[in-house]
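The values are calculated or read from the model by the stated rules, or taken from the named source; none is laboratory data. Owing to the predicted nature of the structure, the values given are computational and were not obtained by experimental measurement. Don't worry about glycine lacking a Cβ; one is built from the backbone with ideal geometry, like all the others, and counts go over all protein chains shown.
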Amino acid sequence: MNLPPFQTLLDLHGGAVHRFLVASVGAGEADDCFQEACISALRAYPGLENADNLRAWLLKIAQRKAIDAHRARARRPLPVAEPPERGAGGGSGPVESNGQPIWARVRELPEKQRMAVFLRSVADLSYADVARALDCSPDAARRNVHEGLKRLREEMAP
Amino acid sequence: MNGIDRELTEAVSGLTQGGPSAEVLRALNTRAAKEGLLDVAYAQVDSPLGPLTVVATERGLVRLAYPERPLDQVLTDIAEEISPRVLEAPERLDPIRRELDEYFEGRLRRFNEPVDWSLTRGFFRRVLEATARIAYGEVRTYGEVAASAGSPRAVRAAGNGLGSNPLPVVVPCHRVVRTGGGLGGYTGGIERKEFLLALERR
């Protein structure tokens, strides 16, 4: 397997990974998550069998770290019920919104929708790559993005 | 455009400048090194011969490349031959950078940083090891180096071995010249060989 130097991955995709984390876990935790994601990636890298889509691979690792961080934070207040029945304004702990209230609202979405929306909009992945990062089918990736956005629209409606 | 889409687009464009800070990347290098995950560190180092690419493993200096060799190519080769865990980590190369500075100022006559010979093998490695023993300011002929590598008649092969030197300057292949006083060749260009020999004659 001919893998490019890891620095090349960082140069090409580090920015997208970091932005994804700033949006999904907040600027305060993004740096730590970024380091965790890169360390995990470095550990796994030499054994990687498929180097076709390293951007999606890195973001897959990053989104796991984002989920860990989100869950750790959610453990602080009462556990939040699984999302479908949750309405607008449900809380999952204090998250500093980095000057962009929209991220705070996306963070309130159910996990799959949340990650799908962030990967699609912030990391700018194709639906096929969102699917790779989330280990689901491209259809499910598309559905999660659309349902997430639909919910955000509904919550915004006056 | 729907409100939410517009808000998302605007928020995303607000992020596009962002990326990990230099501090975050430095902390990553430190942690990677501590956990044994920084197999290969590299940096670009200024020198009178142009910016040099300097590459080290945990064992020592493994590659030094002149600017004509594209960085991508140097790193891709190393990723393949040594490990793909390659990171730009200038702070890890500070000791060799200091030695190179002193050498080019004429203040250092012998490099002390350890060398990792991983990129060399067989007879070529013996030729380069023999070359590493030539003292500052001295020269040897290709024949002498071949002999000192154990094969007095393999003069041409010795020349090829020197041409493949992954560590020019530090492994001083510029100190090997033709019998009769000709300079012979040099991977980095004959002007550089002249420059280095003149530097060492000062």
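Taking the condition at pLDDT below 95, not assigned by TED's automatic domain parsing to the domain that holds B:GLU194 and not basic (Lys, Arg), does B:LEU38 pass? No: the conditions fail for B:LEU38.
Picking from A:ASP52, A:ASP68, A:ASP31, which residue would you name as being more than 26 Å from A:GLU108 (Cα to Cα) and free of Cβ contacts under 8 Å to residues at least 60 places away in the same chain?
Values: A:ASP68 fails: more than 26 Å from A:GLU108 (Cα to Cα); A:ASP31 fails: more than 26 Å from A:GLU108 (Cα to Cα).
Just one listed residue meets the conditions, A:ASP52.
Being over 13 Å from the mean Cα position of the chain (by Cα), in the same structural domain as B:ASN29 (by TED's automatic domain parsing) and of a type in the set (A, V, I, L, M) holds for only one residue in B:VAL145, B:VAL127, B:VAL86, and it is B:VAL86. Of everything in segment A:111-134 that is within 16 Å of A:VAL25 (Cβ to Cβ) and not in a helix (DSSP H, G or I), the residue that is nearest to the other protein chains (Cβ to nearest Cβ) is A:VAL122.
Residue check: B:LEU64 meets all listed conditions (1) free of Cβ contacts under 8 Å to residues at least 40 places away in the same chain; (2) crowded, with 21+ Cβ neighbours inside 10 Å; (3) in a strand (DSSP E or B) but one, namely (1). Across segment A:24-53, the qualifying residues are those that are touching a Ser or Thr at 6+ places or on another chain (Cβ under 8 Å) and at the interface with chain B (Cβ under 8 Å from one of its Cβ atoms), and the one among them that is surrounded by the fewest Cβ atoms within 10 Å (Cβ to Cβ) is A:PRO46.
The set of residues in segment B:70-111 that are within 11 Å of chain A (Cβ to nearest Cβ), out of contact with any strand residue (DSSP E or B) (no Cβ under 8 Å at 6 or more places or on another chain), in a helix (DSSP H, G or I) and surrounded by 14 or more Cβ atoms within 10 Å (Cβ to Cβ) comprises B:THR76, B:ASP77, B:GLU80. The single condition among (1) at negative phi; (2) within 14 Å of chain A (Cβ to nearest Cβ); (3) not hydroxyl-bearing (Ser, Thr, Tyr) that B:GLY36 does not meet is (1). Residues of segment A:135-158 that are of a type outside the set (A, V, I, L, M), in a helix (DSSP H, G or I) and either farther than 20 Å from A:ASN53 by Cα or under 17 Å from the mean Cα position of the chain (by Cα) (or both): A:PRO138, A:ARG142, A:ARG143, A:ASN144, A:HIS146, A:GLU147, A:GLY148, A:LYS150, A:ARG151, A:ARG153, A:GLU154, A:GLU155. Among the residues of this structure, B:PHE111 counts as one that is in contact (Cβ under 8 Å) with a residue 40 or more places away in the chain and in contact with an Asp or Glu (Cβ under 6 Å, 6 or more places away or on another chain). Of these, A:ALA128, A:ALA141, which one is small (Gly, Ala, Ser), surrounded by fewer than 19 Cβ atoms within 10 Å (Cβ to Cβ) and at pLDDT 90 or above? From the options A:ALA128, A:ALA141, the qualifying one is A:ALA128.
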